[in-house]
Amino acid sequence: MKTVDHFNFENKKALIRVDFNVPLDENLNVTDTTRIEAAKPTILKILEDGGAAILMSHLGRPKAQEDEFSMKHICAKVSEIIGVEVTYVEDSVGPKAIDAAAQLEMGKILLLENLRYHKEETAGDLAFAKSLSTLGDIYVNDAFGTAHRAHASTTIVAQFFPENKCFGKLLSKEIESLDRVLNNSEKPVLAILGGAKVSSKITVIENILDKVDQMIIGGGMAYTFIKAQGGKVGGSICEDDKMQLALDILKAAEEKNVSIHLPVDVLAADDFSETANTQVVDITNIPDGWQGLDAGPASKSVFDAVVERSKTILWNGPLGVFEMAPFAGATIALGESIAAATKNGAFSLVGGGDSVAAVKQFGFDTQVSYVSTGGGAMLEMLEGKTLPGIAAILE
Ligand code: AMP
């Protein structure tokens, strides 16, 4: 796997696909700088070698060239975080971009305008990719969040750098961490899958059954499994059309010797609301008019024991509706268990937008081994797919 560490960037202009798709508030200030900070090691390596960095990214989903999606709004923040002056240019291709790239001095940074101002970006247009390619000498992909998209800047552009393309430090770390969970893992391996629906994670479950020894299925997904086995789930979220599939998954797990742990009790509520009345009930016997919104205390103990004996832990999806404080308990407890296991030597990887939000909100992000930056990209890797952005560098 070729990374930036295999190249000397002295007197070279690196064309770097970063993921600066950061959230902005109504005054267009960056509200979460995680993604900019994540790209810093790659950019610094290039500058310290004596090279220059040309940064390209998308920001939001512009339909045309709306000002609110302009990269100019994040330029100062990038400069502040990297600690180097950043020049912004108001296009990503064409005369202005070519000129700005040509004038870029070594040790300096150029930030191109939002790639998605051109529809050719998401279309994976070859000519657009070729235009981008003329701006730099070496192509670096450091954007895991878009590695599952065959866009011009994430995939197509790589073919114009047959010898001079590589992964940035962030993307290579993502690949290594997932590999450490899926292919080079220390046993016992545990996958914890939560979140709202079984349907969004079926392929993941099926694929990782071959990779893990144990699996915790929690969150809203659990009720489909419970009802499929004859339990009463009351008004809990449940996909009736996925019940047969749930039974098939349980059977496949048994055949593959994977132990599946579902919650045994739940914190049920009489309304999907923070102020609802609540009670702890057996998960197989939730009264009508009540819905399970979090795992209960007995489940927490079961999950804690499973986590404690695992050497490799993958976590995707919350165990309850953690956005509402009364139903965040099991997700917090799980974070605590994973943090303790990590302290005792387990390798833990957390990924997926909601789980990452949860570990950050509750302060566990520094207590797990790795927090993945890509939601969709991570799920596709867990599904066993080869991501186009990764394949394009390896080819
Ligand atoms: P996902 O995007 O599939 O990972 O789902 C994350 C969402 O699942 C979060 O917004 C949670 O609030 C939600 N969720 C977790 N547990 C439940 C539950 N028991 N009932 C309804 N929604 C849930």
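The values are calculated or read from the model by the stated rules, or taken from the named source; none is laboratory data. What you see is a predicted model, and the numbers here were worked out from it, not measured in a lab. Neighbour counts are summed over all protein chains in view; Cβ atoms, including those assigned to glycine, are modelled from backbone coordinates with ideal geometry. All accessible areas refer to the heavy atoms of the entire protein, side chains included, with ligands and DNA or RNA removed. Shrake-Rupley method; radii C 1.70, N 1.55, O 1.52, S 1.80 Å.
Peptide packing: for 309-319, 188-198, 83-93, the average count of neighbouring Cβ atoms within 10 Å per residue gives the ranking 309-319, 188-198, 83-93, highest mean first.
Computed over the chain, relative contact order equals 15 percent, with contacts defined as Cα pairs under 8 Å that lie 6+ residues apart. For the chain, a simple Cβ point-charge model (Lys and Arg +1, Asp and Glu -1, everything else neutral) yields a dipole of about 780 debye relative to the Cα centre.
Projecting label points 7 angstrom from Cα along Cα→Cβ for L394 and K360 puts them 2.9 nm apart. Is the C-alpha gyration tensor of the chain telling us rounded, prolate or oblate? Criteria: a/c under 1.5 is rounded; beyond that, a/b larger than b/c is prolate, otherwise oblate. Here the chain falls in the prolate category. Exceedance of the 30 Å cut-off in Cα-Cα distance is limited, within the set K169/K385; K40/K300; K40/K211; K45/K211; K77/K360, to K40/K300; K40/K211; K45/K211. The tail of the calculated P(r) for segment 49-158 beyond 21 Å holds 32 percent of all Cα-Cα pairs. Calculated FRET efficiency, A252 to S199, Cβ-Cβ distance, R0 = 25 Å: about 0.90 to the nearest 0.05.
Can you tell which of M1, L44, A147 lies farthest toward the positive end of the dipole of segment 1-149, using +1 and -1 charges on the Cβ of basic and acidic side chains (Lys, Arg; Asp, Glu)? Working it through, the farthest residue towards the positive pole turns out to be M1.
Ligands, DNA and RNA are left out, and with a 1.4 angstrom probe the accessible area of segment 238-367 is 44 Å² per residue. With the charge dipole of the chain set up from +1 on Lys and Arg Cβ and -1 on Asp and Glu Cβ about the Cα centre, the Cα lying farthest toward the positive end among the listed residues T373, S310, T31 is that of S310. Shown are R61, R116, R17, R180, whose ranking by accessible area with a 1.4 Å probe and every protein chain present, most to least, is R61, R180, R116, R17.
Extension gain for S273-T134 works out to 44.6 nm (0.36 nm per residue, less the C-alpha to C-alpha distance).
Computed over the Cα atoms of segment 99-244, pair by distinct pair, the Kirkwood hydrodynamic radius stands at 19.1 angstrom. Each Lys and Arg Cβ is given +1 and each Asp and Glu Cβ -1; about its Cα centre, segment 237-298 then shows a dipole of about 280 debye. Under a model in which nothing but the beta-carbon of Lys, Arg (+1) and Asp, Glu (-1) is charged, segment 254-395 shows a dipole of about 640 debye around its Cα centre. The 3J(HN,Hα) values that the Karplus relation (6.51, -1.76, 1.60; θ = phi - 60°) gives for segment 331-336 are, in residue order, 5, 5, 4, 5, x, 5 Hz. Gly and Pro appear as x. Only Cα pairs under 8 Å and at least 6 apart count here; give the relative contact order of segment 296-395 as a rounded whole percent. It comes to 25 percent, rounded to a whole number. A straight chain from E48 to Q159 at 0.36 nm per residue would run longer than the Cα-Cα distance by 37.3 nm.
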